[in-house]
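The values are calculated or read from the model by the stated rules, or taken from the named source; none is laboratory data. The shown structure was predicted, so the numbers you read here are calculated from the model rather than taken from an experiment. Every residue, glycine among them, receives a Cβ derived from its backbone with ideal geometry; neighbour counts consider all protein chains shown.
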Amino acid sequence: MTDLSVTVAGVRFKNPVIAASGTFGYGGEYGGIIDVSRLGGICTKGLTLNPRPGNGGLRLWETPAGLMNSIGLENPGIAAFIEKELPRMRKLGPVVIANLSGSGIEEYTEGARLLNETSIDMIELNISCPNVKAGGMSFGLDPESAASVVGPVRKAASAKPLMVKLSPNAPDLAAVALACVRAGADALSLVNTFKAMAIDVKNRKPVFDNISAGLSGPAIRPLALRMVWELYAALGAAEGAKAGAAQGARAEGPAKPAVPLVGLGGIARAEDALEFLMAGAAAVQVGSATFAHPAAMIEIIEGIESYMRRKGIEKIGELSLRG
Ligand SMILES: Cc1cc2nc3c(=O)[nH]c(=O)nc-3n(C[C@H](O)[C@H](O)[C@H](O)COP(=O)(O)O)c2cc1C
C-alpha cells in the first residue's frame, strides 16, 4: 500500500503537495481547470490586516527558467478573506493555510488574532516578502527581528499551528530559523523568492518600479534545495547539541529537526518534488510552475505515487535520505 499522507505540525495532509502562496489565488479560481480537491493543501495569497492594492507598474517579468514578480501583496484584507473566501475555500477539501503578512508587529499580531478565531488549519507567517517597503522580508533577515514577530504571533494565534516562511536572502538562514523555532514556530517553509533585478534595455530603465523583485521558478531550485538540505542538518545539529549538553555527553551528529521543513522553490515535476523530500522536507509547495502548466501539481502527486510504487516505498517519510 502506498500512503502519500503526511503530518506537518499536527495537521494531516492527504499528500505532500501544497499550492504555494500567491500562485493559486484561494483555490477556487482553478476549479474549472483541475480537480483542486486532489491537492494536499492550499496556501492563500499573502493576507494583511487591511486591503492592499499591490504595487504599481509592471509586476511580472520572465527570465530564463524563471519568473520575477513584484505584486506587493495585493489582497482584500483579512476580514474580507474570512467573510468571502474562507467559506468557499473550506469546501474545496485540501488543508487551508492562511499566509499572513504585515508591515509591523502590531499588524501581524492583530491579523493572527483574527485568523485564530476561524476554521483555517494553519498559519504560514510570511516574514520573507521582498516586494513591500515596510515589514515583509525585513523581518526575516536577522534572528532578532524574526523572533520579534514570531513570538507575538505565536501568542495571538495560540489555537493554530504556525509555519514560518523563510527568506533565502537572509545572510544566516540557520540562525533565523533557530530563532523562529525558539520563538514558537511549529514548522518552517523555505524558500520565498530571491531578491533580483532586471533592466529593460530597450527603454533604458529598471523593469520594476521598486527596482528589485522576487525571482522564482526552476532557476532557483538547486539553491532552494541546498538550503533545505543545510537547514535540516543545522537544526538537527543544534537540537542534538542541546540534548547532548543536557545529558553531559557529546551529541553524535545531526538529529532529525523537531520542526518539519516544507520545501519549495522551482518545483515543476515529480522528480523535483522528490529531490526536496529526499533532502528531508516533510512536504513541498509548488508555485510558479502552476502558471505555465496548471495541472503541474496533479502530475507531481501522480508522479510521486508511481515512483514510490516502483521503488516499493510505502510512506513519504521513507523517501528521505537523512536517516
Ligand atoms: C506571482 C507570485 C506571487 C507571490 N505571492 C506570495 C505571497 O503573497 N506570499 C508569500 O509568502 N509568497 C508569495 N510568493 C512566493 C511563492 O509562494 C514561492 O515562495 C516562490 O515563488 C518560490 O516557489 P516557486 O519557484 O515554486 O514559485 C509569490 C510568488 C509569485 C511568483
Notebook entry, point to check: Is there a residue being crowded, with 22+ Cβ neighbours inside 10 Å and of a type in the set (Val, Ile, Thr) anywhere in the stretch 128-139?
Noted result: yes
Notebook entry, point to check: Taking the stretch 1-57 as the search range and keeping residues that are polar (S, T, N, Q) and more than 10 Å from the ligand (Cβ to nearest atom), which one is surrounded by the most Cβ atoms within 10 Å (Cβ to Cβ)?
Noted result: Asn15
Notebook entry, point to check: Which residue, of Gly253, Gly317, Gly266, Gly303, is modelled with pLDDT of 95 or more, at positive phi and not in a strand (DSSP E or B)?
Noted result: Gly266
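Residue-wise test of (1) within 16 Å of the ligand (Cβ to nearest atom); (2) under 24 Å from Met68 (Cα atoms).
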site	(1), (2)
Ser128	yes, yes
Ser145	no, no
Asp172	no, yes
Ala179	no, no
Asn192	yes, yes
Ala198	yes, yes
Margin query: Among the residues of the stretch 277-291, what is the count of those that are out of contact with any helix residue (DSSP H, G or I) (no Cβ under 6 Å at 6 or more places or on another chain) and either within 15 Å of the ligand (Cβ to nearest atom) or more than 20 Å from Ala187 (Cα to Cα) (or both)?
Written below: 5
Next item on the list: Test Pro294 against the stated conditions and say whether it is closer than 26 Å to Ala179 by Cα, over 17 Å from the mean Cα position of the chain (by Cα) and either away from the ligand (no atom under 13 Å from the Cβ) or free of Cβ contacts under 8 Å to residues at least 12 places away in the same chain (or both).
Entry: no
Next item on the list: Out of the residues in the stretch 264-276 that are closer than 15 Å to Leu223 by Cα and either more than 10 Å from the ligand (Cβ to nearest atom) or surrounded by fewer than 16 Cβ atoms within 10 Å (Cβ to Cβ) (or both), state the one that is farthest from the chain's Cα centre (by Cα).
Entry: Glu275
